[in-house]
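Enquirer: Before I ask anything, here is the structure I am working with.
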């Protein structure tokens, strides 16, 4: 496939993951740190393998200049990554990559977490997606504010079916392979079950978006979600980054304020097919 600007779009193969990481790293203002390439290969390599028709790399004269990866689980589609080298912005390239990853069925719900780059925002807003402004809470949680009586337990691979049932109720879509991948790759998860309500939180040591605290959180109600976020803060220690907070996340804002985290504007979330975003749900940056 060749775009109007003469850039070739090719399926993203396993052999091209290193090139895709080089594009990804070039978009960040600072080095990504040790282990980032391996982590990227694990996450993006997984999606490339499970959703190969939705993974593309763009080349100009054989040199990689952009890539995009999306995935679909049940009736939920998400754009997990779309990155273009800053010095290689080509008119129409982002739109061509987005179109290559979109499902043919417009009735499928869609999610695009965005960096806030104005070119990306214009692309998504003019491609049939609604915009939701977001905030990011970050900092070291105040351990003196931790509530008592936290009772979540560690989740293991044997709990993937339980976690998937929570996903189905709240998100309307499951992701068992992704949960198993994260747990097998060193992530830690807590699950809380009480009075007919349940939820889970998952995190991994390291900076976001390839790792972080939390990576995702899904629960049946706000009280369960709040308790899980607090316990993740208690058990993990270190810096927290709670991203993608919209108007539906009043419970998370309350925890962030009580934990004395700082709030800053974050990149917008673009959605399609949602009357309202399901909640309580903190999106994983790559897996939704």
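The values are calculated or read from the model by the stated rules, or taken from the named source; none is laboratory data. Source: prediction; values computed, not measured. Please note: Cβ atoms are built from the backbone with ideal geometry, for glycine as well, and neighbour counts cover all protein chains shown.
Enquirer: Give the residues of region 179-193 that are touching a helix residue (DSSP H, G or I) at 6+ places or on another chain (Cβ under 7 Å) and surrounded by 19 or more Cβ atoms within 10 Å (Cβ to Cβ), sorted by residue number.
Expert: 179, 183, 189, 190, 191, 192
Enquirer: Another question, then. Give the number of residues within region 120-156 that are surrounded by 12 or more Cβ atoms within 10 Å (Cβ to Cβ), free of Cβ contacts under 8 Å to residues at least 60 places away in the same chain and farther than 24 Å from residue 247 by Cβ.
Expert: Total satisfying the criteria: 2.
Enquirer: If you go through region 102-111 one residue at a time, do you hit one that is in a helix (DSSP H, G or I) and touching a helix residue (DSSP H, G or I) at 6+ places or on another chain (Cβ under 9 Å)?
Expert: Among the residues of region 102-111, not one is in a helix (DSSP H, G or I) and touching a helix residue (DSSP H, G or I) at 6+ places or on another chain (Cβ under 9 Å), which makes the answer no.
Enquirer: Condition check: part of a helix (DSSP H, G or I), at pLDDT 90 or above and either outside the structural domain of residue 173 (by TED's automatic domain parsing) or surrounded by fewer than 18 Cβ atoms within 10 Å (Cβ to Cβ) (or both). Does residue 48 satisfy that?
Expert: Yes, satisfied.
Enquirer: I'm told residue 21 meets every condition in (1) assigned to a helix (DSSP H, G or I); (2) surrounded by fewer than 19 Cβ atoms within 10 Å (Cβ to Cβ); (3) modelled with pLDDT of 95 or more except one. Can you identify the failing condition by its number?
Expert: Failed condition: (2).
Enquirer: Suppose the filter is surrounded by fewer than 22 Cβ atoms within 10 Å (Cβ to Cβ), within 14 Å of the chain's Cα centre (by Cα) and either under 29 Å from residue 207 (Cα atoms) or not assigned by TED's automatic domain parsing to the domain that holds residue 19 (or both); does residue 72 pass it?
Expert: So residue 72 fits the description; yes.
Enquirer: Just wondering, is there one or more residues in region 8-15 that are in contact with a helix residue (DSSP H, G or I) (Cβ under 7 Å, 6 or more places away or on another chain) and in a helix (DSSP H, G or I)?
Expert: Yes: region 8-15 contains one or more residues that are in contact with a helix residue (DSSP H, G or I) (Cβ under 7 Å, 6 or more places away or on another chain) and in a helix (DSSP H, G or I).
Enquirer: How about region 213-225: which of its residues are surrounded by fewer than 22 Cβ atoms within 10 Å (Cβ to Cβ) and in contact (Cβ under 8 Å) with a residue 40 or more places away in the chain?
Expert: If the condition is that a residue be surrounded by fewer than 22 Cβ atoms within 10 Å (Cβ to Cβ) and in contact (Cβ under 8 Å) with a residue 40 or more places away in the chain, then 220, 221, 222 are the ones that fit.
Enquirer: Would you say residue 210 is in contact with a helix residue (DSSP H, G or I) (Cβ under 8 Å, 6 or more places away or on another chain), crowded, with 20+ Cβ neighbours inside 10 Å and in the same structural domain as residue 154 (by TED's automatic domain parsing)?
Expert: Judged against the criteria, residue 210 is a match.
Enquirer: Looking at the structure I just gave you, is residue 238 outside the structural domain of residue 42 (by TED's automatic domain parsing), in contact with a strand residue (DSSP E or B) (Cβ under 9 Å, 6 or more places away or on another chain), on the phi > 0 side of the Ramachandran plot and surrounded by 15 or more Cβ atoms within 10 Å (Cβ to Cβ)?
Expert: Spelling it out, it is not the case that residue 238 is outside the structural domain of residue 42 (by TED's automatic domain parsing), in contact with a strand residue (DSSP E or B) (Cβ under 9 Å, 6 or more places away or on another chain), on the phi > 0 side of the Ramachandran plot and surrounded by 15 or more Cβ atoms within 10 Å (Cβ to Cβ).
Enquirer: Just to verify a result, which residue in region 241-276, among those that are over 14 Å from residue 135 (Cβ atoms) and free of Cβ contacts under 8 Å to residues at least 60 places away in the same chain, is surrounded by the most Cβ atoms within 10 Å (Cβ to Cβ)?
Expert: 276
Enquirer: In region 27-45, what count of residues is obtained for those that are at pLDDT 95 or above and either assigned by TED's automatic domain parsing to the domain that holds residue 185 or within 16 Å of residue 85 (Cβ to Cβ) (or both)?
Expert: 1
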